[in-house]
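Please read the structure below before turning to the comments.
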Amino acid sequence: MSMTTGLYAPDLPQDEVDPRFDEIASDLGYPLDESSNFKYERIDAAGRDARNSYEQEQQFDPNPIKMGGAAVGDVSRTGDVQTAPAPVELSKTAKIARWGYEVIALRDLMQYNSDN
Amino acid sequence: MPSILSKALSLLTGDDTKVNNDWLKMPKKRAFKQLTERELIRLEAEIGATLFGPLPRGHRREFFCLDATTWIWHEEWVDSSRKLQVATTRYEVQEGGILKVQEGARYSYVEGQELDNLTMAIRMYYERVAREIYHTEPKPIA
């Protein structure tokens, strides 16, 4: 199965984007950022599930001092240095979910504009 | 008499100097704002059909986003016995993964290379429909 690549061009001018997009899409109820209630699956650099449910996400506290754990740079008795956690990325399922929401949001935005 | 003759000639040969053929001209700017949701999906499906490489001869393919959590792959072709074959696959986005639903009550979660290909195709679908149909720049989702 052959496929071409679709890469982002972040240096493209952004002024063609409708400045009302976020506002209107938000009014329509689409989650546009990770603060929504959508359950994201997180995979760390080693491929393990770092946060795989909303409930776990709620329990996750990024402040190690508050949790009683070691802070970044601390050295343990065994000499291990605490390093910063590896950046997490969305799983393929979560990405597909986001792209689906974005497509529907664009479609609804088009309908919204035609009605107004 | 000459007028009758010229009229007869124009009836026989046609007179394209007075014919209004404006209706044949394609509009320069397509009025997307008047398109229905079904028509928008059809336009998206045209782009979706091109994402998986060239179509085999005699095949017709559609790939589109039905709703936020459902993607449809539809393909039609005529087999060697000249019988029309139709295959429709529905991909459902669930918390545990992407469930592939096919005819005959066949269910399986997409994984491995198939999941990689589907992920890439859906990303390209979003980027291309955003730019080519909705004229907006897609959001980077990492």
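Taking other Cβ atoms within 10 Å as a rough exposure proxy, A:108, B:67 sort from fewest to most as B:67, A:108.
Please report B:77, A:99 as a ranked list, fewest other C-beta atoms within 10 angstrom at the top and most at the bottom.
B:77, A:99
Counted residue by residue at 0.36 nm each, then reduced by the alpha carbon distance between them, the extension gain from residue B:88 to residue B:55 reaches 10.3 nm. Could you work out the local net charge near residue B:87, counting Lys and Arg as +1, Asp and Glu as -1, over the other residues with Cβ closer than 14 Å to its Cβ? Neighbourhood net charge equals +1.
For region B:53-104, the list of GluC sites (Glu not before Pro) that fall in a loop by DSSP and count at most 14 other C-beta atoms within 10 angstrom reads B:95, B:103.
With R₀ set to 35 Å, the beta-carbon distance separating residue B:116 from residue A:76 gives a calculated FRET efficiency near 0.35.
Laboratory data are not the source of any read-out in this text; all were calculated from the coordinates shown. Everything quoted here is computed from the prediction, not taken from an experiment. So basically every Cβ, Gly included, is an ideal-geometry build from the backbone, and we count neighbours across all protein chains shown.
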